[in-house]
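To start, the structure itself, in structure tokens.
The values are calculated or read from the model by the stated rules, or taken from the named source; none is laboratory data. These figures come from a predicted structure and were not determined experimentally. Cβ atoms come from the backbone with ideal geometry, glycine included; neighbour counts cover every protein chain shown. These accessible areas exclude ligands, DNA and RNA; they are computed on the full protein's heavy atoms, side chains included. Shrake-Rupley method; radii C 1.70, N 1.55, O 1.52, S 1.80 Å.
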Amino acid sequence: MKISLNKISKTPLEFDIQADKITFKGFLQYDSAKLILLKAKLSGKLETDCDICAEEFLLEVDEDVEFYISDGIYTKSQDLLLEVVELFDSTADLQEIMNSEIELIKSDYKSCGNCTGSDYIVE
């Protein structure tokens with residue numbers, strides 16, 4: 001789902017994307033200083049591998065996602081420390097943003113139910 005950044009206003013533009021067993025639901029809203037707020041929830045089940053035993057398992061996902069989108073290079077204010085994603089084609093590809101968030105979750109350390117609380121040595 002691609003959304004033109006020019007169409008986003010002060011009125012929240014809601015979205016709901018589903019892929020496999022994951023839902024990415026939230027809104028985009030013009031904030032200020034040419035920044036667009038993305039606020040969403042990523043929830044569902046994600047197939048991933050255990051970092052201890054390497055077995056595949058379903059990871060329960062319930063993550064809040066919040067950051068700003070800038071149409072072009074963002075020159076930050078010295079007073080603000082914001083997480084900003086810079087886009088250069090005036091289009092927000094929400095499917096791509098969702099996939100990026102999923103990959104961030106997959107890159108975290110995680111263990112399956114069999115290994116959680118077990119005596120496995122983690123190096």
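With the checklist (1) surrounded by 12 or more Cβ atoms within 10 Å (Cβ to Cβ); (2) of a type outside the set (A, V, I, L, M, F, W, C); (3) within 15 Å of S100 (Cα to Cα) in hand, flag the one item Q18 doesn't pass.
Of everything listed in (1) surrounded by 12 or more Cβ atoms within 10 Å (Cβ to Cβ); (2) of a type outside the set (A, V, I, L, M, F, W, C); (3) within 15 Å of S100 (Cα to Cα), Q18 misses just condition (1).
Could you count how many residues in segment 22-38 are outside any loop (DSSP other than H, G, I, E, B), farther than 16 Å from M1 by Cα and open to solvent by 60 Å² or more (accessible area, probe 1.4 Å)?
Counting residues in segment 22-38 that are outside any loop (DSSP other than H, G, I, E, B), farther than 16 Å from M1 by Cα and open to solvent by 60 Å² or more (accessible area, probe 1.4 Å) gives 1.
Starting from residues that are surrounded by fewer than 14 Cβ atoms within 10 Å (Cβ to Cβ) and assigned to a loop (DSSP other than H, G, I, E, B), keep the ones in segment 54-78 and report whichever is modelled with the lowest pLDDT.
Q78
Restricting attention to segment 46-97, which residues are touching a residue at least 40 places away in the same chain (Cβ under 8 Å), in contact with a strand residue (DSSP E or B) (Cβ under 9 Å, 6 or more places away or on another chain) and of a type in the set (S, T, N, Q)?
T48, S90, T91, Q95, listed by residue number.
Just one of the numbered conditions (1) under 15 Å from I69 (Cα atoms); (2) within 16 Å of the chain's Cα centre (by Cα) is not true of S9; which one?
Result: S9 passes all but (2).
For segment 53-63, state whether one or more residues are closer than 17 Å to L13 by Cα and of a type in the set (D, E).
No, the conditions are met nowhere in segment 53-63.
Check C50 against each of (1) open to solvent by 50 Å² or more (accessible area, probe 1.4 Å); (2) in contact with a Ser or Thr (Cβ under 6 Å, 6 or more places away or on another chain) and name the one condition it does not meet.
Status for C50: all satisfied but (1).
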